[in-house]
Amino acid sequence: MISTKIKKLRELKGLSQEYMAIGLDITQGAYSKLERSDKGISIDKLKGISELLEVDAMDFFKNSDEVIFNNSECEKFGYNYINNFPKKLIQILENQIEEQKKEIDLLRKIVDKNL
């Protein structure tokens, strides 16, 4: 099932359902439902999921779990666990950091003005 492969790959990459939902502009509950059934996955959603997971969307249609492990880019043997964050997640987090820096600067100016 496509939904099972999506869930396995998401988990191997260390991504949350919430992250995936934000990236797809849907609720976490709606995303959770996508992982439980192939019925609700549109082509657009599948394309978005593949971009977030940084894999080719056609990989989900292949019959082998080998695709999942070849695309996971992580090793979970013993203490060797490497997590490569997707580029889109890094971009989202960097944008949030910049917004928070601006907010901190503004608050500092307000505090300095009132002292």
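Summary table below
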item: Approximate spin-label separation Lys88-Thr27, in nm, with each point projected 7 Å along Cα-to-Cβ; result: 2.1
item: Spin-label proximity, Phe61 to region 28-55 - amide N less than 20 Å from point 7 Å beyond Cα toward beta carbon; result: 35, 37-55
item: Spin-label pair Lys45/Leu107, simplified geometry with 7 Å Cα→Cβ offset, distance in nm; result: 3.7
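Bear in mind that the values in this text are calculations on the coordinates, not laboratory data. Being a predicted model, the structure only gives us computed values, none of them experimental. So basically every Cβ, Gly included, is an ideal-geometry build from the backbone, and we count neighbours across all protein chains shown.
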